[in-house]
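Just so it is clear, none of the values below were taken in a lab; they were calculated from the coordinates. The model shown is predicted, which means the values in this text are computed figures rather than measured ones. Positions of Cβ are generated from backbone atoms using ideal geometry, with glycine treated the same way; all protein chains shown enter the neighbour counts.
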Amino acid sequence: MSMTKLRWGRVEYQLDLRTPQRPVPLGVVVLAEKASRVHSILAGKAPRPGFTPEELKSVGPLGRSQLDGWVAAMAKDLLASLEKREDPLETLASIWCWNLRVVVEPDTEAQYGQTVRDVTARLYTRHLGVPLPHESFEQAQAAANPDGGWSVTEVAYDTR
């Protein structure tokens, strides 16, 4: 990988906009741009249907509806911004700016030989405090804890 600078943002959920408190970390968006090519990855977690993680116990029905399917909705907005040749991070930060929000972070660097996925995994671990899973779907299903309250989704786009 010849590019070393990558742009990124963290995804988080603010429980109450009127009384800000420490937000719940949900994911990261990472962009590697070189010439007319953009490689982007969105990795995030969302509560499974029918389960409310401890850190979201105070979230009401409206707040919960914001969290359901957020990764797919944000991935759609990410792809739309790439297709329109807009700045993906700035576009996401302008759309996702309320309880569920994208916060643009300073650029990060990839070490020699690291892929965009490697950097995404590092930033995900740093932001969420847990590693980004990398098993195949079948392995993840077999290893899934039936009481596990979070599902993790990863979406990647490579545009030219």
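In this rough spin-label picture, where each label sits 7 Å from Cα along the Cβ direction, the Asp87-Trp150 distance is 2.9 nm.
Cross-linked pairs Lys5/Lys34; Lys5/Lys76; Lys5/Lys84: Cα-Cα separations exceed 20 Å for Lys5/Lys76; Lys5/Lys84.
Within the straight-line cut-off of under 17 Å between alpha carbons, the aspartates and glutamates reachable from Lys57 are Glu12, Asp16, Asp68, Asp147, sequence neighbours fewer than 8 places apart in one chain being disregarded. In summary, region 73-127 shows an alpha-carbon radius of gyration equal to 1.27 times the 2.2 N^0.38 Å reference for compact globular proteins.
Length gain on complete extension for the stretch Ser94 to Ser58, per 0.36 nm per residue less the alpha carbon to alpha carbon distance?
10.4 nm
Remark: C-alpha extents of region 1-66 on the principal axes read 45, 27, 17 Å, sorted largest to smallest. With 0.36 nm allotted per residue and the present C-alpha distance subtracted, the Thr125-Arg160 stretch has 9.7 nm of extension available.
Remark on the chain: hydrodynamic radius 16.4 angstrom, per the Kirkwood mean of 1/r across alpha carbon pairs. Report the FRET efficiency, 1/(1 + (r/R0)^6), for Glu109 and Gln21, where r is their Cβ-Cβ distance and R0 is 30 Å, rounded to 0.05. In this case the efficiency is close to 0.45.
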